[in-house]
Amino acid sequence: MGAQVHGTQQFDKTRRTEIKFGPLAMETVKTIISHYPEAKIKSALLPVLHIAQAEFGGWLSPEVMDYVASVLKIKPIEVFEVASFYSMYNLKPVGKCVLEVCQTSSCWLNGAEDIVKYIEKKLNIKVGETTKDGMFTLKVAECLGSCGTAPMLQCGASYHENLTYEKVDSLLEKYKSEGKQKNYTDLDYHNTL
Ligand code: FES
């Protein structure tokens with residue numbers, strides 16, 4: 001076990017003007033890197049990208065990805081390939097809450113498509129867009145491993161399962177009134193160490 005990092009509240013969630021990890025994030029990154037032999041440093045990429053996303057405003061700009069590549073001493077294209085493959089990484093600015101509706105078999109069979117349409121109508125956005133107030137971004141994702149409780153969506157570190165229109169209503173209401181960042185900046189990095 002390395003540095004004790006209990007939740008992302010200790011990370012700076014506002015976008016840094018300088019693209020450089022803050023001291024706590026850098027300490028965490030170094031701990032993660034220390035878990036791998038130098039030749040396998042790329043294995044640290046997923047958790048380091050999560051930390052970068054939390055540090056730099058909830059998304060990974062080309063500059064941030066280049067910075068991560070320099071920290072891990074790998075090629076920028078290697079970072080981009082990974083960041084663009086996984087839906088939990090945002091490659092453009094997102095709202096405070098990123099709603100990712102699973103659209104794979106079990107969820108699809110249980111009404112995911114209708115849930116997506118319902119959210120689109122309710123928030124007046126399409127998949128991939130962010131509401132004008134910057135509160136919500138809607139995305140679709142492939143299986144999120146909660147097939148038994150389909151349909152479901154993920155918002156940051158939270159899963160919302162067995163969705164109905166009513167559940168979606170109260171969920172959006174709750175997130176709006178809380179006004180918290182839930183765009184993967186709310187993950188507990190302690191679990192990555
Ligand atoms: S199919 Fe939706 S969580 Fe697996």
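State whether one or more residues within segment 77-90 are touching a Leu at 6+ places or on another chain (Cβ under 6 Å), closer than 30 Å to residue 150 by Cα, in contact (Cβ under 8 Å) with a residue 12 or more places away in the chain and surrounded by 21 or more Cβ atoms within 10 Å (Cβ to Cβ).
Yes, because at least one residue in segment 77-90 is touching a Leu at 6+ places or on another chain (Cβ under 6 Å), closer than 30 Å to residue 150 by Cα, in contact (Cβ under 8 Å) with a residue 12 or more places away in the chain and surrounded by 21 or more Cβ atoms within 10 Å (Cβ to Cβ).
Determine which member of the set 104, 164 is within 14 Å of the ligand (Cβ to nearest atom), hydroxyl-bearing (Ser, Thr, Tyr) and not assigned by TED's automatic domain parsing to the domain that holds residue 44. Give the steps one after another, and end with the answer.
Numbers: 164 fails: within 14 Å of the ligand (Cβ to nearest atom).
Exactly one residue qualifies, and that residue is 104.
In segment 116-171, what count of residues is obtained for those that are without any contact (Cβ under 8 Å) to a residue 40 or more places away in the chain and among the aromatic types (Phe, Trp, Tyr)?
1
Before we move on, is residue 82 within 15 Å of the chain's Cα centre (by Cα) and assigned to a strand (DSSP E or B)?
Here the answer is no, as residue 82 does not meet what is asked.
Regarding segment 116-127, can at least one residue be identified that is of a type in the set (Asp, Glu), closer than 30 Å to residue 147 by Cβ and within 16 Å of the ligand (Cβ to nearest atom)?
Step one: of segment 116-127, the residues of a type in the set (Asp, Glu) are 120.
Subsequent filtering for residues that are closer than 30 Å to residue 147 by Cβ retains 120.
Filter once more, so that each one left must be within 16 Å of the ligand (Cβ to nearest atom): none.
For segment 116-127, residues of a type in the set (Asp, Glu), closer than 30 Å to residue 147 by Cβ and within 16 Å of the ligand (Cβ to nearest atom): absent.
Has segment 72-79 got at least one residue that is at pLDDT below 95, in a helix (DSSP H, G or I) and over 26 Å from residue 177 (Cβ atoms)?
No - not one qualifying residue is present in segment 72-79.
Which condition number does residue 74 fail, the rest of (1) touching a residue at least 12 places away in the same chain (Cβ under 8 Å); (2) within 16 Å of the ligand (Cβ to nearest atom) being met?
(2)
If I filter segment 100-115 for residues that are in contact (Cβ under 8 Å) with a residue 24 or more places away in the chain and closer than 21 Å to residue 56 by Cα, do I get at least one hit?
Within segment 100-115, one or more residues are in contact (Cβ under 8 Å) with a residue 24 or more places away in the chain and closer than 21 Å to residue 56 by Cα.
Are any residues in segment 46-81 closer than 27 Å to residue 134 by Cβ and among the β-branched types (Val, Ile, Thr), and if so, which ones?
Across segment 46-81, the qualifying residues are 48, 51, 64, 68, 79.
Among the listed residues 39, 25, which satisfies the condition of being in a helix (DSSP H, G or I), small (Gly, Ala, Ser), surrounded by fewer than 20 Cβ atoms within 10 Å (Cβ to Cβ) and not assigned by TED's automatic domain parsing to the domain that holds residue 164? Explain how you work it out, then say what you get.
Numbers: 25 fails: surrounded by fewer than 20 Cβ atoms within 10 Å (Cβ to Cβ).
Exactly one residue qualifies, and that residue is 39.
Among the listed residues 132, 96, which satisfies the condition of being within 25 Å of residue 62 (Cα to Cα), crowded, with 22+ Cβ neighbours inside 10 Å and away from the ligand (no atom under 12 Å from the Cβ)? Let's see the steps before the verdict.
Details: 132 fails: crowded, with 22+ Cβ neighbours inside 10 Å.
When all the criteria are applied, what remains is 96.
The values are calculated or read from the model by the stated rules, or taken from the named source; none is laboratory data. These figures come from a predicted structure and were not determined experimentally. Positions of Cβ are generated from backbone atoms using ideal geometry, with glycine treated the same way; all protein chains shown enter the neighbour counts.
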